[in-house]
Amino acid sequence: MMDFSPNHYERAFENWLLDNRIQYVAVDEHKRTAFGHSDIKSFDFLLYPPGGKTVIAELKGRTFKGASLAKLTGFECWVTAEDVDGLTKWQQVFGEDHQALFVFAYKIENIDVDFDGIDVFDFDQIRYLFFCIRLDDYRKFMKRRSPRWQTVTLPAGRFRDCAVHINEFLL
């Protein structure tokens, strides 16, 4: 893989896609006019999972500082209102044969974490977890996080209800 990704979360995710043979297109935000909708915030990836709908994915990098995944607590899942609006508009542009979702890439901070049987991805000496949340679920349950920063989030219980490990969603 050629390393054009601006951050380690995107590089890790692209390598996970390659390792799992998921076809994808990484979207260069600077070239979003190629889609003909330069007024809409761009997404990060188009994913082509085997046997499923094409996925419009917005990747969000976060840090997990917990010691266990047993109850899926301690996961930040905030996004900007612009992220939600942009994905919603792209879903409308691409139509029903596409599925919009947020992919949360969590960098694992602690060395000794009980992963409770959940697969992790090691890349460049860092451990990552990837969880997906469908845009429709996110929109249904999101709550305002910061009016000043125009961010929204899911309450912890809703995150646990809606988050799906990437293996379950794409493989």
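Each reported figure results from applying straightforward, stated rules to the coordinates on display, with no laboratory input. From a predicted model like this one, the values you see are computed outputs, not experimental measurements. Cβ sites come from the backbone with ideal geometry, for glycine too, and all protein chains shown count toward neighbours.
Overall, the range 8-170 carries a charge dipole of about 620 debye about its Cα centre when +1 sits on the Cβ of Lys and Arg and -1 on the Cβ of Asp and Glu, all other atoms neutral. Extension gain for the segment SER146 to ASP124, taken as residue separation times 0.36 nm less the Cα-Cα distance, is 4.6 nm to one decimal. Put simply, the amide H of LYS60, placed in the peptide plane, has neighbours under 5 Å in VAL103, PHE104, ALA105, leaving out anything fewer than 5 places away on its chain. Cα centroid distance between the range 95-126 and the range 48-83, in Å? Taking the Cα centre of each part, the range 95-126 and the range 48-83 sit 7 Å apart. Hydrodynamic estimate: the Kirkwood radius of the range 8-170 over Cα pairs, inserted into Stokes-Einstein at 37 °C and 0.692 mPa s, corresponds to D of 201 µm²/s.
The longest stretch of the chain left intact once loop-based GluC sites (Glu not before Pro) with at most 13 other Cβ atoms within 10 Å are removed from consideration, loops following DSSP, is 1-95. Beta bridges from DSSP with both residues in the range 44-129: antiparallel share about 40 percent, rounded to the nearest 5. Among the lysines of the range 8-170, pairs that are 8 or more positions apart or on different chains and have alpha carbons within less than 25 Å of each other number 25.
Take the Cα of LEU18, step 7 Å toward its Cβ, do the same at TYR48, and the gap between the two points is 1.8 nm.
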